[in-house]
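Notes to accompany the following structure.
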Amino acid sequence: MKKLLIIILGCMCVPFLCAHELTDGTYINPFTYAVENGEQYTYENNYKRIYEYPRFFNLGWSKDGKYAYCIERGVSGAGGAEVAYYIQDVVTDEIIWSYTDSTFVGGEKSYSMEYILDKSIHNNYALIQKKLSQNAIALVTNAYKRLPIKIGDDEIAFKIEITDAGQDEFGFRMIDYMCKAVKNKKLTKTISQKKHVTADDVYICGYIQSPFENRIALILAEERYVFEGNELFYFVAGCDLVKGF
């Protein structure tokens, strides 16, 4: 029952916040974690043990299954925030390129998350555009979507299965888990699996649909212990919505 609750919460609403603009006028829309009533959770209004909620930004897609995104997270202890940029092949789930901008971590001045993101994109615009161009990625602002997925008469849902649990050397919970796609409540395939992950729980947040094919970037979040409590760490798993069942 507990695992079912986790899956239900993870699949529910993750509302958009505001739009940020790349230099060329293309908008990217972030979201943070929320539960089924649509309430948005923050440091001041936290959910369970989670006190830090990074922001995930959809950047774009290539026609051959490459997906670009960035994640902005506050840095516990040091203060400030970092912005990490990724290009991932969501056919193989290989991270093709990544870059973390830590310019605004620590220091005496305090900046808003909005300011940090805008300055990071401005300062790294040439690099970002170069990598997008090298991978034939078009800036696409298709929206975050909720689960399950409807394709004609078919319905595709997702679930987390924790296959082993124990403790790491410091006494924190360590798990092995798989994320599975379930078609019409009977056909399944494993789209991601990890071992020896120090995390209390795993949440399925939602997905971004490729505009070019029946492929999605499924967004998951691991709840891990950090400096002052628990924090969400997003990652992406690709899924072909037609093949492999």
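Within straight-line reach of Lys180, meaning a Cα separation under 22 Å, sit the following lysines at least 8 residues removed in sequence or on another chain: Lys2, Lys3, Lys66, Lys145, Lys150, Lys159, Lys189, Lys194, Lys195, Lys243. A straight line joining the Cα centroids of the stretch 81-138 and the stretch 181-232 runs 21 Å.
Averaged per residue, the stretch 105-213 has 57 square angstrom of accessible surface, using a 1.4 angstrom probe with ligands and nucleic acids left out. Of all aspartates and glutamates in the structure, those lying under 16 Å Cα to Cα from Lys186, and not within fewer than 8 positions of it along the same chain, are Asp153, Asp154, Glu155, Glu161. Our analysis of the stretch 152-245 gives Rg over Rh at 1.04, with the two radii drawn from alpha carbon positions and Rh computed by the Kirkwood formula. Considering every alpha-carbon pair of the stretch 127-195, the percent of pairs per 10 Å bin, from zero through the bin containing the longest distance, is 16, 26, 25, 26, 7. Among the GluC sites (Glu not before Pro) in the stretch 65-148, which ones are in a DSSP loop with at most 16 other Cβ atoms within 10 Å of the Cβ? Mind listing them? Within the stretch 65-148, the qualifying GluC sites (Glu not before Pro) (loop, at most 16 other Cβ atoms within 10 Å) are Glu108.
For a modelled paramagnetic label at Val242, 7 Å from Cα along Cα-to-Cβ, no residue of the stretch 186-204 is in reach, as no backbone nitrogen comes under 12 Å. Listed by chain and number, the lysines whose C-alpha is less than 17 Å from the C-alpha of Lys119, apart from same-chain residues fewer than 8 away, are Lys109. Averaging 1/r over each pair of different alpha-carbon atoms in the stretch 59-179 and inverting the result gives 17.5 Å, the Kirkwood hydrodynamic radius.
A Förster radius of 22 Å combined with the Cβ-Cβ distance from Phe170 to Glu228 puts the calculated FRET efficiency at roughly 0.90. When only the Cβ of Lys, Arg, Asp and Glu is charged (+1, +1, -1, -1), the dipole of the stretch 102-150 relative to its Cα centre reaches about 340 debye. Placing dummy labels 7 Å off each Cα toward the beta-carbon, the span from Val105 to Ser133 is 2.9 nm. First compute the accessible area of the stretch 44-193 with a 1.4 Å probe, then give the percent of it belonging to carbon and sulfur atoms. Result for the stretch 44-193: 46 percent of the exposed heavy-atom area is carbon or sulfur. Net length available on complete extension from Asp93 to Asp154 is 19.5 nm, with 0.36 nm assigned per residue and the Cα-Cα distance removed.
The values are calculated or read from the model by the stated rules, or taken from the named source; none is laboratory data. In this text the structure is predicted, and so the values were computed from the model without any measurement. No Cβ is skipped: glycine too gets one built from the backbone with ideal geometry, and neighbour counts run over all protein chains shown. Heads up: the accessible areas ignore ligands, DNA and RNA and are worked out on the full protein's heavy atoms, side chains in. Shrake-Rupley method; radii C 1.70, N 1.55, O 1.52, S 1.80 Å.
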